[in-house]
Structures are given as structure tokens and as C-alpha cells.
Amino acid sequence: MDAAEFRKRGKDMVDYVADYLEKIEKRQVFPDVEPGYLRPLIADCAPQDPESFEDVFKDIEKIIMPGVTHWHSPYFFAYFPAASSFPALLADMLCGGIGCVGFSWASSPACTELETVMLDWLGKMVNLPEEFLAGKDGQGGGVIQGSASEATLMALLAARTKTIRRVQSEQPELTEAEIMGRLVAYASDQAHSSVERAALIGAVKIKNVPSDDTFSVCGSALKKVLDEDKAAGLIPFFFCATLGTTPCCSFDKLLELGPICNKENIWMHIDAAYAGSAFICPEFRHLLNGVEFADSFNFNPHKWLLVNFDCSAMWVKKRSDLIGAFKLEPLYLQHHHQESGLVTDYRHWQIPLGRRFRSLKLWFVLRMYGVKGLQEHIRKHVRLAHQFEHLVLQDERFEICAEVVLGLVCFRLKGSNELNEALLQSINDAKKIHLVPCHLREKFVLRFAICSRTVESTHVEFAWQHISQLAADLLKTWEQNHHQQ
């Protein structure tokens, strides 16, 4: 394919993507395929001779689309939103076109510098304390990670290195292995499984801190666990606080937890993967109060800020803590500006060496929506969640299981877990809308997350009518079966 054909085919592809997104609600939200559906549809091995673009293009609808879960459908209410917008897609095209691998400033200065500035823009939008911003001569700064899981892992590994060095300076007789064996990380019993995974990769113990009746961790619960572990000779070194937990969007109590972590020399990382985007709205910013005590903070613009995957924003108060844990300088990666103090080499801030020019997506979206446009997007989703909550509350067969703060509603039929499992099964079997469940204490709960950029009040109304009808049918058959028994 030469440039001339690329121009033509590129326009075809843009038309296809625009049509796909414009008409997405006509597609069934969840696919009708069984595992292994794809292999029989394509050849056993790659073709020896080139095929035409037309052949490849027509196979998109035939082979790929039947197996796609349509995350951007207004009938998709599962997991959390996956952001998407036309400006972000265009920026992604440019990123692919430039095709740089931005591991150092010298490998592409614009790739590094735009990222530093965009993370400062974003940090100011959520009103982060000054220490987290790079500015012209700050000690903190932001970086784009691939996902919140990577941000948590980076924070945990940096905290581990920092603690080992501190303990070794206080007790030189201890070996690194002895210290490692005593390190403990902590997170809420509601925290995402990626926190436990970070501890697995980091080869350290992790303990769950019990959450209260609002599914939040408070200071007294953390203090109790810390006191027990210190008495047993362990070394607490890392706490991951969650703002907007995955099961029910609960918020750990930062203002109680932060001072404890600071006093005990524990690195506090805040995972606000989903909820963080909402902090650009002044009415939700109070949920971030206490961030001033944290060492690192992360949220995903690729969830709720119209920037498509992957774009996970992470800030640290002291970038030397992060860089100090991972810095290696082989000759082939050195350049003559690296000691200037003005230069960031992001390879020291992340797991992989290479990185894409992801800040282009932020730059396009922040400029083309403006802060006000993005605030309106968040507020609309929150309004729609409250609309759904209101519909559930009007029906005495159902209950709401956690406070609705942002765009997630946790609800269930009053009754057994088996009944609710059957309801979810019938919802997802019908494939008109898509939901996923969670467990809150002993209860099996349905999660209704407002996800799509194009979702409207009518889609929420449709979803509720559909759920309500399926529930009525289900309760009828359950009662009949009950009477027969």
C-alpha cells in the first residue's frame, strides 16, 4: 500500500468507524458466539501472497464484528465506562502515524514534553496540590501509564525500594531478603484485585483492611491492623486507598487514613481509576480531600474523560522516589541533555521501556471539549444514574445496596442470591442490555453503570422497563416452582 492508496483506504476506514459508532445502538450489545468461534472462519496460517485491502475490509463484518462486545453501545451498562470520542480517535491516528517510541526525551522531545504539560493541566483540573505538579521546577509530576494496575504496581515497587533503603540505614545488620520477608502492603477488602496482584509481583505480603458498613476503610480499622502487625515484627510499608471501588463506588476515608500513613512512614497510593474524572467538577472535588497526605495518585481518563484506552494518569509528590527505584543508564539510552534538570526520561517511571505518544489524545480532547464540556459529560452520567436509582426505588420488589454517588447503581431483587443470579442470567441471555454483578458482603448484587458517551434518558428508561419485565416473569416462575415443591 502506497501513500495514495492509504489516503483512499484511510477515508474508507474513517467512514466505517463513524458509521459503526453512529449506528452502534442497532447492534446487539453482547455477541452470540461460543468460545472458539473465530478459528474455523480464518485460514490455518498466514497467506504466502499479499491479499487486497477489499478482502481484508469485508472480513471485518464477517469475522470480527460477530465476536465484539459493543462497549460504546448505549445499552452497555457493565463494568465501568470505556471512554471514546472523535477527537481522541483522530489523535490516536496521529500517534500511530508519527510512530515514535518515546522512552527518553531525546527519542522524541515533543512526546515527553507534551505529556509533562498535559499531566499538569489535568492535575490543575482536579485541583491537585502543587507538590504533585512538575511545573517549571517542581519535585513531583505526572506520567501516563497503560492502566491503573500499572500505576499501583509502580507505586508499590517504589515504596518497597524506599522502605528497604530506609530500614537498611537504620538497621545495617539486616539483609535485603530479611527486610523483604517482613514487608506488608494493605488495601481495603473492597479494593480491586490488581492491588493484590501488584503485591504478588512485588513479592510482598498483602493484607485486607476490613471496610465499614458503607464499604469504606476508616482510620481506626487501618490502625488496628498496623498495630497487630508491628507487634508481630512486620514492617508496614504501603497502603492503597481506593476512591470509587469497583464493586459499589465507595470511598475510603483519606482524611483519617492519610495522617496515619504519614506518621508510620507508609507510602499512601490513591487509586481513583473510575471516580477520579469526576473530581474536575467542583461538587465532587471534596471526595479527593486528603490527597495532600498521599505519595501518589492515579485515575483513568480512559474510563470517564472521553480519552480512549489506554491513558491512565499517575502523579507522584517526589519523582525521585519513582526514578530512584528503577533508574538504569546503558550507554545507548544516554543523551547529552539528560542531566540538564529540564528533561524527563519517562522510561524510569514505568514498567516497559517503550511508550506511545499518548498525550496527543489528552491534548486533543482537553482542547476540543474544554473543561466545561467534560464537566457536562460527567454530570449527565451522574444524572442518569440517579434517574435509574429513582426508578428502582419506586418498585418495592427491589432494593438499592449502596449509596449512589457517581454513575453506578448497585441494586437487586429483595430475596435470595439464587433469585438475583437467575435475574442477571435472564438479562444477559436476552442480550438487549449488558450488566455484570458484584458481591457486597454476602449479597449477590447487580451493577448498573452508566457507560456510553451517547447514552440518554430513553436508554435508561428502556433498560429499567426491560429489567422490570424480566423480573416479573422470573418471580412468576419462581412462585410456581415454589408452590409445586
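The values are calculated or read from the model by the stated rules, or taken from the named source; none is laboratory data. Values in this document were obtained by computation on a predicted structure and should not be read as measured data. Virtual Cβ from ideal backbone geometry, glycine too; neighbours counted across all protein chains shown. For accessibility, only protein heavy atoms count, side chains too; no ligands or nucleic acids. Shrake-Rupley method; radii C 1.70, N 1.55, O 1.52, S 1.80 Å.
Share of carbon and sulfur in the accessible area of region 100-356 stands at 56%, probe radius 1.4 Å. For a modelled paramagnetic label at Leu90, 7 Å from Cα along Cα-to-Cβ, the residues of region 344-383 in reach, with backbone nitrogen under 12 Å, are 364-369. Summary value for the chain: 22 percent relative contact order, contacts being C-alpha pairs under 8 angstrom separated by 6+ residues.
From the cross-link list Lys124/Lys223; Lys26/Lys476; Lys205/Lys317; Lys8/Lys303; Lys26/Lys372, which pairs have alpha carbons spaced over 28 Å apart?
Lys124/Lys223; Lys26/Lys476; Lys8/Lys303; Lys26/Lys372
All distinct Cα pairs of region 374-443 go into the 1/r average, and the inverse of that average, the Kirkwood radius, is 13.3 Å.
Between Asp310 and Met65, the contour length at 0.36 nm per residue exceeds the alpha carbon distance by 86.1 nm. According to the calculation over all Cα-Cα pairs in region 94-203, the P(r) per 5 Å bin from zero is 2, 9, 14, 15, 15, 17, 14, 9, 4, 1, 0 %. Using the empirical formula 2.2 N^0.38 Å as the baseline, the Cα radius of gyration of region 19-169 reaches a ratio of 1.50. Restricted to Cα atoms, the chain shows a radius of gyration and a Dmax of 24.5, 82 angstrom. Rg and Dmax, both from the Cα atoms of region 100-356 and both in Å, are 17.9, 56.
Remark: spin-label model distance Glu196-Lys476 equals 4.1 nm, labels positioned 7 Å along the Cα→Cβ axis. Volume of the convex hull of region 360-413 (Cα atoms only), normalised per residue: 75 Å³.
Answer rounded, prolate or oblate for region 142-251, using the Cα gyration tensor with square roots of eigenvalues a ≥ b ≥ c: rounded when a/c is under 1.5, else prolate when a/b is larger than b/c, else oblate. Since a/c reaches 1.5 but b/c is at least a/b, the shape of region 142-251 is classed as oblate. Among 153-165, 98-110, 289-301, sorting by the average number of other beta carbon atoms lying within 10 angstrom of each residue, highest first, gives 289-301, 153-165, 98-110.
At an R0 of 30 angstrom, the distance between the Cβ atoms of Glu5 and Thr161 translates into a FRET efficiency of 0.05.
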